[in-house]
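Here the structure is laid out as structure tokens; the discussion comes afterwards.
The values are calculated or read from the model by the stated rules, or taken from the named source; none is laboratory data. For clarity, every value in this text was computed on a predicted model and none was experimentally measured. Reconstructed Cβ throughout: ideal geometry from the backbone, glycine too, with neighbour counts over all protein chains shown. SASA here: full protein model, heavy atoms, side chains in, ligands and nucleic acids out. Shrake-Rupley method; radii C 1.70, N 1.55, O 1.52, S 1.80 Å.
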Amino acid sequence: MRVHSDAFIVQVQFAEDGAQPIPIRKLAEDTQAWLDGLNPADVREEIGVKGLLGSAQHIWQHERSGWSVALAPIPRSTNRPGGRVVGVTGPHVRWIDDRTPIREALYEKAHKFGDELGKPLLVALGLLRTFADDIDIIDALFGDDVYLLDPSTGDGTSARKANGLLIGSDGPHSCRLSAVLVGKDVAPWSAARTGLALWKHPAATFPVHCDAGGVLTIIDPQDDGSFVTTPATVSTGELFGLPLDWPGPEPPFTRN
């Protein structure tokens, strides 16, 4: 279960390590309930008095496992539907960076052929990293999502670093790359329900126009930073003539 918030990101500090594995689902459910009960205006006012990490801090404890976690909300400058909790610090914890390896892998392929093809170039990315999602794809292609904060006022704004594969400090990059085809959970046993998405380059030298018969979800970046998404209308199972629950459950073997 993921924790989402349109109004906040969260600073996480592991105050006390438990003797048993931390119950992630319970932590996520309680964190979501806590965030849903916060008023952004009240949190901003408290930040102005107590400082960034002194506002509305919530201590989550789980007696059975022994874990104690301190959570502090940081208001977003604007509501972003589907926003996720991104701040994580504390002992025995490290940042999970899926953006950089995705960006590096795509960069190598995008620049492998130079200008020799003279046709649209698509790079396929099989996304098998456990926690990677569309947010990591957006960060890899268009720059890391950051929050710029003025410590003197507590005001901030969302922005992007100029380190995207497709968008950099001086404008569009890797224009020889027409689009990136992303496949999630690509494996024989999930062939009937694999999600395929085509992320287009907004300034490609050779734009690509393809929906593969409706199997692909098409993502078109806009000039204002938003995305127009055209959902797929055909599943991979329908494409291959497979039932949704393929490859099973299978009937039991017949006893002789």
Pair residue 153, residue 111: separation of 7 Å Cα→Cβ label points (nm)
3.8
Counting all Cα-Cα pairs in the chain, those more than 29 Å apart amount in percent to 46
Determine which residues of the stretch 97-111 fall in the zone a paramagnetic label at residue 210 would reach in this model, i.e. backbone nitrogen under 20 Å from the point 7 Å along Cα→Cβ.
106-111
Note down the magnitude of the dipole of the chain about its Cα centre, charges +1 on Lys and Arg C-beta and -1 on Asp and Glu C-beta and zero elsewhere, to the nearest 20 debye.
520
Per residue value of the accessible surface for the chain (all protein chains in place, 1.4 Å probe), Å²:
60
Expected 222 nm ellipticity per residue - DSSP helices of 4 or more, -39500 (n - 2.57), all of the chain, to 500
-5500 deg cm²/dmol
Using 7 Å Cα-to-Cβ label points, what is the residue 224/residue 2 separation (nm, one decimal)?
2.4
Let me cross-check residue 58: its accessible surface, 1.4 Å probe, with only protein heavy atoms counted, in Å² to the nearest 10?
50
Could you report the accessible area of residue 25 in Å², rounded to 10, computed with a 1.4 Å probe on the protein chains as they sit in the structure?
150
Prolate/oblate/rounded label for the stretch 94-194 (Cα gyration tensor, a/c 1.5)
oblate
Could you tell me what percent of the accessible area of the chain is made up of carbon and sulfur, with a 1.4 Å probe and every protein chain present?
56
Extension gain from residue 59 to residue 246, taking 0.36 nm per residue of separation minus the Cα-Cα distance
62.9 nm
Per-bin percent of Cα-Cα distances, the stretch 142-213 [5 Å]
3, 14, 14, 15, 14, 13, 11, 8, 4, 2, 1
Note down the nm distance, to one decimal, between modelled labels 7 Å out along Cα→Cβ at residue 134 and at residue 24.
2.1
Rg [Å, one decimal], Dmax [Å, integer] - the stretch 153-256, C-alpha atoms:
19.9, 79
Length added when fully stretched, residue 162-residue 100, from 0.36 nm per residue minus Cα-Cα
21.0 nm
